[in-house]
Amino acid sequence: MNVVVTNLKGGVGKTTTAVYLAAIAVEKGHDPVLLIDADRQASSAEWLEERPIEGVTVLEAPSERMLARAMARHEGTAIIDTPPGDERLVQSAINAADAVVIPTRAGGVEFPRVVVTLEMIPAGTPRGIVISAARLGTNDLEETIAWWKAENVPIWGVIPERVGIAAGPEARLYRPGLAEYEPVLRRAVRKR
Ligand SMILES: Nc1ncnc2c1ncn2[C@@H]1O[C@H](COP(=O)(O)OP(=O)(O)OP(=O)(O)O)[C@@H](O)[C@H]1O
Ligand SMILES: [Mg+2]
């Protein structure tokens with residue numbers, strides 16, 4: 001099972017989502033769990049170097065070739081973190097995906113890049129949006145949810161903005177954040 005976390009736009013919560021999904025996968029009994037880091041910046045690999053998660057193995061695969069091999073060869077569940085902007089690498093990740101998770105932020109300026117990312121996904125591949133760092137109760141958030149509903153794109157999660165999540169590798173994984181990401185994993189790996 002390959003769960004690809006991607007959005008062509010940068011800074012939308014891809015790495016955060018990938019790390020939390022990998023941690024939740026272990027807790028839910030997935031075994032083995034692999035976190036494949038396809039970003040040359042290696043943010044998720046560095047995160048796990050700083051804060052290893054028991055049961056998660058990290059594999060760095062920052063080229064199309066390495067990524068294709070990594071995604072084809074493993075057993076169990078792999079969560080794939082992708083770089084922003086690199087359309088070719090993102091396309092090869094998406095092509096080998098069993099499910100695609102698209103983190104985004106609330107707000108209309110975000111829509112076009114998500115639409116481009118969505119257009120890269122083959123018709124039969126399950127995909128869902130995760131709204132990162134959401135400010136609950138704001139118009140921006142409500143409008144964003146309504147927009148994706150109208151577009152018939154499933155929203156797999158709305159993750160509130162939390163200091164504990166923003167801390168990244170500087171602190172241990174934020175428990176309530178794990179609980180927020182749990183339904184996202186469940187929807188991504190659901191048998192269809
Ligand atoms: N729920 C949240 N609450 C608060 N801050 C968050 C939340 N989710 C993500 N962030 C913060 O948003 C910033 C961007 O997140 P992240 O690095 O995961 O995005 P990215 O899409 O991987 O970025 P890049 O495109 O540079 O790889 C980080 O500072 C992260 O801590
Ligand atoms: Mg990242």
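The sole residue among ARG65, ARG40 that is of a type in the set (Lys, Arg) and within 13 Å of ligand 1 (Cβ to nearest atom) is ARG40.
Looking across GLU60, GLU87, GLU54, GLU50, one residue alone is modelled with pLDDT of 95 or more, within 16 Å of ligand 1 (Cβ to nearest atom) and under 20 Å from GLU170 (Cα atoms). It is GLU50. Scanning region 1-22 for residues that are out of contact with any Phe, Trp or Tyr (no Cβ under 8 Å at 6 or more places or on another chain), in a helix (DSSP H, G or I) and either among the aromatic types (Phe, Trp, Tyr) or near ligand 2 (Cβ under 9 Å from one of its atoms) (or both) yields LYS14, THR16, ALA18.
The residues of region 23-52 that are assigned to a loop (DSSP other than H, G, I, E, B), buried (at least 20 other Cβ atoms within 10 Å of the Cβ) and within 12 Å of ligand 2 (Cβ to nearest atom), listed by number, are ALA38, ASP39. Check whether at least one residue in region 142-161 is assigned to a loop (DSSP other than H, G, I, E, B) and either among the small types (Gly, Ala, Ser) or touching a helix residue (DSSP H, G or I) at 6+ places or on another chain (Cβ under 6 Å) (or both), and report yes or no. Within region 142-161 (the criterion being assigned to a loop (DSSP other than H, G, I, E, B) and either among the small types (Gly, Ala, Ser) or touching a helix residue (DSSP H, G or I) at 6+ places or on another chain (Cβ under 6 Å) (or both)), the answer is no, since none of the residues qualifies.
Residues of region 1-57 being touching a residue at least 40 places away in the same chain (Cβ under 8 Å) and polar (S, T, N, Q), which ones? ASN2, THR6, ASN7, THR15, THR16, THR17, GLN41 - these are the residues of region 1-57 that are touching a residue at least 40 places away in the same chain (Cβ under 8 Å) and polar (S, T, N, Q). Among the residues of region 146-163, is any within 16 Å of ligand 2 (Cβ to nearest atom), aliphatic (A, V, I, L, M) and out of contact with any Asp or Glu (no Cβ under 9 Å at 6 or more places or on another chain)? The answer is no, given that none of the residues of region 146-163 is within 16 Å of ligand 2 (Cβ to nearest atom), aliphatic (A, V, I, L, M) and out of contact with any Asp or Glu (no Cβ under 9 Å at 6 or more places or on another chain). State whether one or more residues within region 116-131 are within 16 Å of ligand 2 (Cβ to nearest atom), in a helix (DSSP H, G or I) and touching a residue at least 12 places away in the same chain (Cβ under 8 Å). Checking region 116-131: at least one residue is within 16 Å of ligand 2 (Cβ to nearest atom), in a helix (DSSP H, G or I) and touching a residue at least 12 places away in the same chain (Cβ under 8 Å).
Restricting region 169-192 to residues that are surrounded by fewer than 18 Cβ atoms within 10 Å (Cβ to Cβ) and within 16 Å of ligand 2 (Cβ to nearest atom), the residue that is farthest from THR16 (Cα to Cα) is GLU170. The residues of region 146-182 that are within 18 Å of the chain's Cα centre (by Cα) and aromatic (Phe, Trp, Tyr), listed by number, are TRP148, TRP156, TYR174, TYR181.
The values are calculated or read from the model by the stated rules, or taken from the named source; none is laboratory data. All of these numbers come straight from a predicted model, not from anything done at the bench. Here the Cβ is made from the backbone with ideal geometry for all residues, glycine too, and neighbour counts use every protein chain on show.
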